[in-house]
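Read the structure below first, then the notes.
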Amino acid sequence: MGRWKMRATGSSRFGAAGLAALLFSQAGCSTTSEYVRGERLREASLGETHRDTLESVVDASYVGRVAVKRTTCTEISTEFSKKRIDTTTSPPMGSLLGGLAMLGGGGVLMAMSDGSSDDDVDITMTLGVVLALASIYPLVTALTDEDVSQEEVVTGEVEEERSQRCDERTFSLKGPLHWSVSLGAARRTGRTGEDGAVSLGQPLNELVEQAITDEASVRRLVAGRGIAFRLELERAPPADFRLDSKALPDAYFRRFADRYGQQLGGSERARFENCELIGKSARETLECYWSQ
C-alpha cells in the first residue's frame with residue numbers, strides 16, 4: 001500500500017481563521033424589546049348615563065303597570081403601568097467555544113506537520129484532520145441552537161384604558177298615570193293612584209258584558225278561549241294581552257244563560273233544564289248544553 005501525506009498550507013490556516021470569524025459574526029447575540037401592560041394602578045369613574053325602556057305589563061291578577069327597564073352605563077378610566085420585556089438570544093457558548101477549540105487545535109496540528117518527512121505516515125496531520133472534522137458538530141449546533149433569556153424592565157410610563165360597565169334593573173313607574181283599556185270598539189279610561197297601578201278586573205268585566213253578547217262569542221268563552229284586549233298606560237307604548245275566560249265572574253254567564261234559556265222550547269228547554277240541575281255554575285250549564 002502506498003504512503004499518503006497531507007500538509008496544511010498557509011491558505012488552510014487562513015481558512016480556519018476566516019471560518020472562526022464567520023461563526024462569531026453569524027452566531028452573535030441579538031436583543032428584541034416588547035412593551036406590555038403591567039399592574040393596574042388606579043381606576044376612576046368618568047360619569048354615567050341612563051337608558052330607560054318602558055313597557056306595559058299585566059300580572060296574573062290583571063293589575064297593570066308600567067315597567068321601567070333601566071340600563072346604567074358607567075365610563076371607567078383605568079391606568080396600568082407599562083413594562084418592557086427585553087429578549088436576548090445568543091448561541092450556546094459551550095458548543096461554540098468547544099468547536100472553535102477543536103478547529104484551532106486541528107489547524108495547529110496540521111501546521112506542525114509541515115516539517116514532517118514525506119516517507120512517514122504523518123500522525124500529526126491525521127490528528128489535525130480528525131480534530132477539524134470533529135469540530136463540525138459543535139459548530140453546527142452553535143449556529144442552529146440558541147439560548148434565550150428575558151428581562152423585565154419597568155419604564156415608569158402609564159397606559160390608560162377606557163371602558164364601560166353596564167348594569168340593568170327593573171322597577172315600576174310611580175305616580176298618577178292615565179290609562180285606557182279597550183276590547184274591540186268598547187273602551188274604559190281612568191287614572192291610576194300614586195303607585196302607578198290599575199286593577200283591570202272590573203273594567204274588563206264591564207267591557208266583556210258590553211261587547212260580547214252573541215251566542216257564537218259566548219260559546220268560545222265557555223270553550224276556554226281567551227279574550228284579546230289592549231292596554232294603554234301613560235308614557236308606555238300600547239300593548240295587547242289576553243283575558244282568560246275562566247277569570248270572568250259566573251254572574252256574566254248567568255245573565256246570558258237566563259236570557260238564552262227563555263228562548264228555548266220543547267225538548268231543547270227540557271235538555272237545558274237538565275243541564276241546570278247537573279251544572280254547578282251557569283258556565284257549566286252552558287257547557288253541558290252546547291256539548292250535547
State which residue pairs qualify: first residue of a type in the set (Lys, Arg) and inside segment 168-180, second residue surrounded by 12 or more Cβ atoms within 10 Å (Cβ to Cβ) in any location, beta carbons under 7 Å apart, and separation of 6 or more residues or different chains.
ARG169/ARG70; LYS174/ASP195; LYS174/GLY196
Pairs where the first residue, in segment 49-74, is among the aromatic types (Phe, Trp, Tyr) and the second is part of a strand (DSSP E or B) and open to solvent by 50 Å² or more (accessible area, probe 1.4 Å), C-beta under 9 Å, 6+ apart
TYR62/SER199
What is the one condition in (1) among the charged types (D, E, K, R); (2) touching an Asp or Glu at 6+ places or on another chain (Cβ under 7 Å); (3) open to solvent by 30 Å² or more (accessible area, probe 1.4 Å) that ASP59 does not satisfy?
(2)
Among LEU221, LEU277, LEU231, which is open to solvent by less than 20 Å² (accessible area, probe 1.4 Å) and part of a helix (DSSP H, G or I)?
LEU221
List every residue pair whose Cβ atoms lie under 8 Å apart, where the two residues are 6 or more positions apart in sequence or sit on different chains, the first residue falls within segment 278-292 and is closer than 13 Å to ARG254 by Cβ and in contact (Cβ under 8 Å) with a residue 40 or more places away in the chain, and the second residue, located anywhere, is crowded, with 18+ Cβ neighbours inside 10 Å and among the aliphatic types (A, V, I, L, M).
ARG283/VAL222; LEU286/VAL218; LEU286/VAL222; LEU286/ALA257
Within segment 144-186, can you find the residues that are part of a strand (DSSP E or B), open to solvent by less than 50 Å² (accessible area, probe 1.4 Å) and either hydrophobic (A, V, I, L, M, F, W, C) or farther than 30 Å from HIS50 by Cα (or both)?
VAL153, THR155, TRP179, VAL181, SER182, LEU183, ALA186
Under the condition of being more than 18 Å from TYR289 (Cβ to Cβ) and of a type in the set (D, E, K, R), which residue from segment 244-258 is least open to solvent (accessible area, probe 1.4 Å)?
ASP244
Return the residues of segment 187-205 that are open to solvent by 40 Å² or more (accessible area, probe 1.4 Å) and outside any loop (DSSP other than H, G, I, E, B); say none if nothing qualifies.
ARG187, ARG188, THR189, ARG191, SER199, GLN202, ASN205
Might you let me know whether segment 130-138 holds any residue that is over 30 Å from PRO203 (Cα atoms), in contact with a Ser or Thr (Cβ under 8 Å, 6 or more places away or on another chain) and either at pLDDT below 85 or open to solvent by 80 Å² or more (accessible area, probe 1.4 Å) (or both)?
yes
Given the conditions (1) free of Cβ contacts under 8 Å to residues at least 24 places away in the same chain; (2) open to solvent by less than 70 Å² (accessible area, probe 1.4 Å), which single one is not true for PHE241?
(1)
Kindly evaluate ALA20 against the criterion of being in a loop (DSSP other than H, G, I, E, B) and at pLDDT 50 or above.
no
Does segment 259-270 include one or more residues that are in contact (Cβ under 8 Å) with a residue 12 or more places away in the chain, surrounded by 13 or more Cβ atoms within 10 Å (Cβ to Cβ) and in contact with a strand residue (DSSP E or B) (Cβ under 9 Å, 6 or more places away or on another chain)?
no
Can we say ARG225 is farther than 28 Å from SER56 by Cβ, in contact (Cβ under 8 Å) with a residue 12 or more places away in the chain and either of a type in the set (D, E, K, R) or not assigned by the TED database to the domain that holds ASP52 (or both)?
no
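The values are calculated or read from the model by the stated rules, or taken from the named source; none is laboratory data. Quick caveat, the model's predicted, so the values are computed rather than measured. All Cβ positions, even for glycine, are placed from backbone atoms using ideal geometry, and neighbour counts span all protein chains on display. Protein only, heavy atoms only, side chains kept; ligands, DNA and RNA dropped before computing areas. Shrake-Rupley method; radii C 1.70, N 1.55, O 1.52, S 1.80 Å.
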